[in-house]
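**Q** Okay, here's the structure, questions in a sec.
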Amino acid sequence: MTQALATTPQTVSTARLSSWSLLLNNRLAAAGLLVLAVIGLIALLAPWLPIPNPNATLPANRLQPVLSEGHLLGTDHLGRDILARLIWGTRVSIAVGLSATAIAALIGSVIGLVSGYARGVTDNILMRGIDMLMAFPYILLALAIVAVLGPGLLNALYAIAIVNIPFFARNVRGVTVGLASREFVDAARLSGKSHAAILFTEVLPNVLPVIVITMSTTVGWMILETAGLSFLGLGAQPPQSDLGSMLGEGRRLLFNAPHVSIIPGLMIFALVMSINLLGDGVRDVLDPRLRAGDLTRPQAVTRFDRRTQPPQPSGARDILEVESLETSFQRGRATVPAVRNISFTLGKGECFGLIGESGSGKSVTALSLLGLVASPPGIITGGTVRIEGEDVFSRSETGIRALRGAKVAYVFQDPLTTLHPLYRVGEQIAEAILAHKRIGKTEARARAIALMEKVGIRDANERVDAFPHEMSGGQRQRIGIAMALANDPDIIIADEPTTALDVTVQAKILDLLQDLRRERGLALLLITHDFGVVAQMCDRVAVMKDGEIVECGRTADVLRAPRHEYTRKLIACVPELGQGKAFLESVRPLFAEVKP
Ligand code: ADP
Ligand code: MG
């Protein structure tokens, strides 16, 4: 890969996009940020702005309309300047919202951290307390608290903070419970750290994103709730005012002077809306899973952006022809090829081996053949794949999907992760059949059993109802092969089908593939990192290194006279019985090179 980086001219940075640019890529979040920044700046600068005293009354000048002289937004029922009151009121509302969020986050997170980490009685007591808070309707509880404490802005703030504590406590506890049993926490315990130190140096940093996300999504709510209390006269008391109390005072004049209530109403809307849009954006950016795909979902088919016209087919026709295939990945703003210039052919009934160390691009090549590389970030940037002479990438999405599983089937490396854990294996095989054939459920089940027998699973009649976790690794791989065979494909692509298995099972699976190939005339593309497997199975082999094929030829020829140094090292990696120390000597240089 490093070599690939060095040989392609780089004009754009491949660094990961910063959180900032990711956030600004999200148009709504950027708009929210802009609106919020403008509102916040004006509110912050209120004492220095050339606006009248917000509390100076002048009854003679009451209820001036918008755009009247000296009062841009008019005046209210006491002749006070609405613009000045709006700016000062916004200041109060933002300050109360932020403080309430901070208090709720602090107390709630501590409760969540402690109960999630301590578990047992502490957890029980704390969480039942939280449950009691949650048992009351939310705004009613806030009203009750203010009724006890007495009306006033500060008491409204406390009330709002208290009713929001459960959200933080619950969220944080959930994450902490998962983290507290992880190995790195055990390791910290073994190193003799105190519980408090573990909680704040090991657990807290992992929980912090959750706290920030919860904060960013609740600030808007808290501002709204404080405004609600003030609207009812329980929050800000005259002469002090926040947006809610302005709205409450204006309500009585809704018909005579609608602007008095509409203006603070619009401000609340703009404020809460911008905070929520920004909060959503922040949440997306902080979630590493959403980050990975540049905040977009993978598409059903790999994106194609071939800069060169696909080459025309030459005379000879093999069942699978790959010509100068190039697949790239987006990194930051650049696209970097992961595999380049891949050309090979696969004839009917032939077994073609693709061998190379981990990371050399074997899986990317295999997935590219039917447009299965996740996109974004993957893009097919060049070359062509022909199946029976027809360019695959020129087909529509549905066209490519019709090929998958029917004409070309995959067997993956780790069947435990590719089989669905909650469905019985028989159902999964049947599903593979039903994706391409219209047959009844019972018939599909009968076929699934037949396929399982075919791939050598004993008592297929009973095992058909087993879940993947009830089977051994070898059996699961046989299920994977059965699914691949479900629609009588012409080509099977097996991506390291035996790497997860032990040696005896590996031999059996390879024998099975070999038999199927002879019996059904299947073409087999076998991906592996083991020359022993290639020697046993493949007619021809291509050696991959750093995303390119460095050597290709008949297996016997390559084994006898490898032309590339790298091939020689790979061959030397196959241990022979009784070779012992000599084997270690021969693989040492390989490891020396592989290590960065
Ligand atoms: P292997 O030969 O072990 O199967 P792969 O084909 O999986 O290797 O990977 C080849 C190269 O492509 C690696 O350098 C890997 O980092 C890169 N790669 C694979 N998948 C992705 C992805 N989703 N995003 C970015 N790079 C990827
Ligand atoms: Mg792989």
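**Q** Can you name every residue in the stretch 347-378 that is surrounded by fewer than 22 Cβ atoms within 10 Å (Cβ to Cβ), at pLDDT 85 or above, away from ligand 2 (no atom under 16 Å from the Cβ) and of a type outside the set (Lys, Arg)?
**A** Correct list: 347, 349, 350.
**Q** May I ask you to list the residues in the stretch 337-346 that are buried (at least 21 other Cβ atoms within 10 Å of the Cβ) and under 33 Å from the mean Cα position of the chain (by Cα)? Steps first, please.
**A** Step one: filter the stretch 337-346 for residues buried (at least 21 other Cβ atoms within 10 Å of the Cβ), giving 337-340, 342, 346.
Within the stretch 337-346, 337, 338, 339, 340, 342 qualify.
**Q** State all residues of the stretch 136-159 that are among the small types (Gly, Ala, Ser) and surrounded by 18 or more Cβ atoms within 10 Å (Cβ to Cβ); if no residue qualifies, say none. Don't jump to the end; show me each part of the working.
**A** Here is the first cut: in the stretch 136-159, the ones among the small types (Gly, Ala, Ser) are 142, 144, 147, 150, 152, 156, 159.
Within the stretch 136-159, 142, 156, 159 qualify.
**Q** Looking only at residues that are buried (at least 23 other Cβ atoms within 10 Å of the Cβ) and among the β-branched types (Val, Ile, Thr) in the stretch 61-86, which one is nearest to the chain's Cα centre (by Cα)?
**A** Ranking the candidates gives 82 first.
**Q** Considering only residues that are assigned to a helix (DSSP H, G or I), touching a residue at least 24 places away in the same chain (Cβ under 8 Å) and either under 15 Å from residue 480 (Cβ atoms) or under 36 Å from the mean Cα position of the chain (by Cα) (or both), which ones fall in the stretch 426-463? Lay out the reasoning, then the answer.
**A** Our first condition is that a residue be assigned to a helix (DSSP H, G or I); within the stretch 426-463, this holds for 426-434, 441-454, 460-463.
From what is left, the residues that are touching a residue at least 24 places away in the same chain (Cβ under 8 Å) are 426, 428-429, 432-433, 447-448, 451-452, 454, 463.
Within the stretch 426-463, 426, 428, 429, 432, 433, 448, 451, 452, 454, 463 qualify.
**Q** Could you grab me the full set of residues in the stretch 338-350 that are out of contact with any Asp or Glu (no Cβ under 7 Å at 6 or more places or on another chain) and part of a loop (DSSP other than H, G, I, E, B)?
**A** 348, 349
**Q** With the structure loaded, tell me whether residue 396 is of a type in the set (Ser, Thr, Tyr), farther than 25 Å from residue 547 by Cα, more than 12 Å from ligand 1 (Cβ to nearest atom) and surrounded by fewer than 21 Cβ atoms within 10 Å (Cβ to Cβ) or whether it fails that test. Working first, answer last.
**A** Values: of a type in the set (Ser, Thr, Tyr): yes; farther than 25 Å from residue 547 by Cα: yes; more than 12 Å from ligand 1 (Cβ to nearest atom): yes; surrounded by fewer than 21 Cβ atoms within 10 Å (Cβ to Cβ): yes.
Taking the combined requirement at face value, the residue satisfies it.
**Q** Given the residues 139, 107, 198, 130, which is the only one that is modelled with pLDDT of 95 or more and either closer than 26 Å to residue 279 by Cα or part of a helix (DSSP H, G or I) (or both)? Spell out the reasoning first.
**A** Values: 139 fails: modelled with pLDDT of 95 or more; 198 fails: modelled with pLDDT of 95 or more; 130 fails: modelled with pLDDT of 95 or more.
Only one candidate passes the filter, namely 107.
**Q** Something else: What pairs come up if the first residue lies in the stretch 495-507 and is under 9 Å from residue 413 (Cβ atoms) and without any contact (Cβ under 8 Å) to a residue 60 or more places away in the chain, the second is within 16 Å of ligand 1 (Cβ to nearest atom) and part of a helix (DSSP H, G or I), and their beta carbons are under 9 Å apart, counting only those six or more places apart or on different chains?
**A** Every condition considered, the pairs that remain are 498/533.
**Q** Now for a separate question. Filter the stretch 347-385 down to the residues that are within 22 Å of the chain's Cα centre (by Cα) and hydroxyl-bearing (Ser, Thr, Tyr), then identify the one that is nearest to ligand 1 (Cβ to nearest atom). Walk me through how you get there before you give the answer.
**A** Pass one, the stretch 347-385, residues within 22 Å of the chain's Cα centre (by Cα): 359, 363-364, 367-368, 371-380.
Keeping just the survivors that are hydroxyl-bearing (Ser, Thr, Tyr) gives 363, 368, 375.
Values: 363: 3, 368: 9, 375: 9 Å.
Ranking the qualifying residues of the stretch 347-385, first place goes to 363.
**Q** Can you spot a residue in the stretch 240-251 that is under 44 Å from the mean Cα position of the chain (by Cα), not small (Gly, Ala, Ser) and not in a helix (DSSP H, G or I)?
**A** Checking the stretch 240-251: at least one residue is under 44 Å from the mean Cα position of the chain (by Cα), not small (Gly, Ala, Ser) and not in a helix (DSSP H, G or I).
**Q** With 29, 60, 56, 37 as the choices, which residue is small (Gly, Ala, Ser) and part of a loop (DSSP other than H, G, I, E, B)?
**A** On the way: 29 fails: part of a loop (DSSP other than H, G, I, E, B); 60 fails: part of a loop (DSSP other than H, G, I, E, B); 37 fails: part of a loop (DSSP other than H, G, I, E, B).
One residue alone meets the criteria, 56.
**Q** Can you report the number of residues in the stretch 317-331 which are in a strand (DSSP E or B) and open to solvent by less than 50 Å² (accessible area, probe 1.4 Å)?
**A** As a first pass, look at the stretch 317-331 and keep what is in a strand (DSSP E or B): 320-331.
From what's left, open to solvent by less than 50 Å² (accessible area, probe 1.4 Å): 320-322, 324-328.
Final tally of qualifying residues: 8.
**Q** Which residues, taken from the stretch 337-346, are more than 14 Å from ligand 2 (Cβ to nearest atom) and out of contact with any Cys (no Cβ under 7 Å at 6 or more places or on another chain)? If you could, list the steps in order and put the result at the bottom.
**A** So the first thing to find is which residues in the stretch 337-346 are more than 14 Å from ligand 2 (Cβ to nearest atom), and the list is 337, 340-346.
Those that are more than 14 Å from ligand 2 (Cβ to nearest atom) and out of contact with any Cys (no Cβ under 7 Å at 6 or more places or on another chain): 337, 340, 341, 342, 343, 345, 346.
**Q** If you don't mind, there's one more thing I want to ask. For residue 334, work out the one condition from (1) surrounded by fewer than 17 Cβ atoms within 10 Å (Cβ to Cβ); (2) of a type in the set (A, V, I, L, M, F, W, C); (3) within 16 Å of ligand 2 (Cβ to nearest atom) it doesn't fulfil.
**A** (3)
**Q** Based on this model, can you work out whether residue 479 counts as in contact (Cβ under 8 Å) with a residue 12 or more places away in the chain and not in a loop (DSSP other than H, G, I, E, B)? Step through it out loud before you land on a result.
**A** Numbers: in contact (Cβ under 8 Å) with a residue 12 or more places away in the chain: yes; not in a loop (DSSP other than H, G, I, E, B): yes.
Yes, satisfied.
**Q** Among the residues of the stretch 424-453, write down those that are touching a helix residue (DSSP H, G or I) at 6+ places or on another chain (Cβ under 7 Å) and among the acidic types (Asp, Glu).
**A** 453
**Q** Checking residue 558 against (1) open to solvent by 10 Å² or more (accessible area, probe 1.4 Å); (2) closer than 30 Å to residue 382 by Cα; (3) free of Cβ contacts under 8 Å to residues at least 40 places away in the same chain, which test does it fail?
**A** For residue 558, the failing item is (1).
**Q** Next up: Considering the stretch 63-75 alone, what residues qualify as being of a type outside the set (Ser, Thr, Tyr) and either farther than 17 Å from residue 253 by Cα or part of a strand (DSSP E or B) (or both)? So that I can check it myself, show each step before the final result.
**A** Let us first name the residues in the stretch 63-75 that are of a type outside the set (Ser, Thr, Tyr), namely 63-67, 69-74.
Result: 67, 69, 70, 71, 72.
The values are calculated or read from the model by the stated rules, or taken from the named source; none is laboratory data. As the structure is a computational prediction, the values presented were derived from the model and not from experiment. A quick note on method: Cβ atoms are made from the backbone with ideal geometry, for glycine too, and the neighbour counts reach across all protein chains shown. Each accessible area value is taken on the protein alone, full model and side chains, heavy atoms only, with ligands, DNA and RNA left out. Shrake-Rupley method; radii C 1.70, N 1.55, O 1.52, S 1.80 Å.
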